[in-house]
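Remarks on the structure that follows.
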Amino acid sequence: MLDLGRLRALHAVSVHGSVAAAALALGYTPSAVSQQITKLERETRTTLLERRGRGVALTEEARHLASTAQELLAIVERAETTLEERRGRPTGLLTIGAFSTAARGLLPAVLAELAREHPGLDVRMTEVDPHLSIDLVARGMIDLAVAHDWDIAPLPAPDGVEQAVIGDDACDLLVPEGHPLSARDSVQRTDLGGERWICQPPGTVCHDWLVRTLRAAGHEPLLAHQAAEYHTQLALVAAGLGIALIPRLGRGPLPHGVHALPLEPAPVRRLYALWRPGAARRPAITVTVELLRRQWARAAASAA
């Protein structure tokens, strides 16, 4: 009989593309994942991984086995959901993927309350890009994702994933002290031509939104500095090196010399919780989503 833990390891390698990435997702060491795959190869008398340069690739047989593993893991998930539902309380393992500002500004209080109120629940959170987290939910690698989208970049909703709105996160235009816009009560998007921008790197939702929005307003953006962390962007604004558009969630207090101005029309990103339909009845899912909504209301009120 094939070992489910070894099948889970193979499935993780197929989803994440490498042994190291699979180990990170599973919370194991790379050597532990490699050992699981080696044992599975002996059990099946089949070569499952082939060396490709510095990495590995799944053989054709491994891809078929990984697909079957995904089906088996879904069956196990349904069985675990039924048991948890019958107990009527959150128990077992709950894995959450969240984008960076949610991981900083939303999840700590939620995780602390879950640990305090539901000691039988083992919650593990990983910071991950919103679009990647949705795929991880769909593939069964995490149980719950906290993601976001923008008005011109809607969140994809693949088959096999359900979602609920957590709330809307307002964004402010941040400018350094003495900037010509700092004396304004509000700023129109058409007023932003010729500015030096501080933003996230290409490939992120926030970067794409900024570029598309400025071009739609008739401006080709001048991206002077790019940094993944909003706190780094704030420091660059405070140093007078440009302006930035930053959501309120997880932003924290503004540094001295930085002014927040409303931009019209107001840019808003919407936050979602996403999970697989097979896990929708899990008390762990329903309780966590409710806590996310309550904590969001508190965080939004504090930021405002």
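Which entry in (1) 152; (2) 175; (3) 126 matches volume of the Cα convex hull per residue in Å³ derived from the coordinates of this structure?
Here volume of the Cα convex hull per residue in Å³ agrees with entry (1).
Write out the trypsin sites (Lys or Arg not before Pro) in region 1-52 meeting two conditions: DSSP loop, and at most 12 other Cβ atoms within 10 Å of their Cβ.
Here the trypsin sites (Lys or Arg not before Pro) that fit, given the DSSP loop and packing criteria, are Arg45.
For region 164-295, give the magnitude of the charge dipole about the Cα centre (Cβ charges: +1 Lys/Arg, -1 Asp/Glu; no others), in debye to the nearest 20.
It comes to approximately 700 debye.
Taking only protein heavy atoms into account and a 1.4 Å probe, give the accessible area per residue of region 116-224 in Å².
48 Å²
Which value in deg cm²/dmol, rounded to the nearest 500, describes the helix-derived mean residue ellipticity at 222 nm for the chain, given -39,500 (n - 2.57) per DSSP H run of n ≥ 4 and division by the residue count?
Theoretical 222 nm ellipticity from helices: -14000 deg cm²/dmol.
Relative contact order for region 110-264 using alpha-carbon pairs under 8 Å, separation at least 6, rounded to a whole percent?
Computed value for region 110-264: 28 percent relative contact order.
Can you compute the charge dipole magnitude of region 218-304 about its Cα centre, using +1 on each Lys and Arg Cβ and -1 on each Asp and Glu Cβ, nothing else charged? Give it in debye, rounded to the nearest 20.
660 debye
Placing +1 at every Lys and Arg Cβ and -1 at every Asp and Glu Cβ, with all other atoms neutral, what dipole size does the chain have around its Cα centre, in debye to the nearest 20?
620 debye
Rounded to the nearest 0.05, what FRET efficiency is calculated for Ser18 and Thr190 with R0 set to 30 Å and r the Cβ-Cβ distance?
Calculated transfer efficiency: 0.05.
Give me the percent of the accessible area of the chain that comes from carbon and sulfur atoms, probe 1.4 Å, all protein chains in place.
52 percent
State, as an integer percentage, the relative contact order of the chain based on alpha-carbon contacts under 8 Å between residues 6 or more apart. Kindly include the intermediate steps, with their values, before the conclusion.
Details: 525 pairs, mean separation 65.9, N = 304.
Rounded, it is 22 percent for the chain.
Place +1 on the Cβ of every Lys and Arg and -1 on the Cβ of every Asp and Glu in region 176-294, take the dipole about the Cα centre, and give the residue among Ala239, Leu181, Leu249 whose Cα lies farthest towards its positive end.
Positive-most Cα among the choices belongs to Leu249.
Calculate the FRET efficiency for Ser31 and Asp3 from the Cβ-Cβ distance with a Förster distance of 25 Å, rounded to the nearest 0.05.
0.90
What are the ³J(HN,Hα) values, in whole Hz, obtained from phi via the Karplus relation 6.51 cos²θ - 1.76 cosθ + 1.60 with θ = phi - 60°, for each residue of region 144-150 in sequence order, with x given for Gly and Pro?
Per residue, the Karplus-derived 3J(HN,Hα) values read 9, 10, 10, 10, 8, 9, 10 Hz.
The values are calculated or read from the model by the stated rules, or taken from the named source; none is laboratory data. Quantities reported herein were computed from a predicted structural model and do not represent experimental measurements. Positions of Cβ are generated from backbone atoms using ideal geometry, with glycine treated the same way; all protein chains shown enter the neighbour counts. Surface accessibility is based on the protein's heavy atoms, side chains included, excluding ligands, DNA and RNA. Shrake-Rupley method; radii C 1.70, N 1.55, O 1.52, S 1.80 Å.
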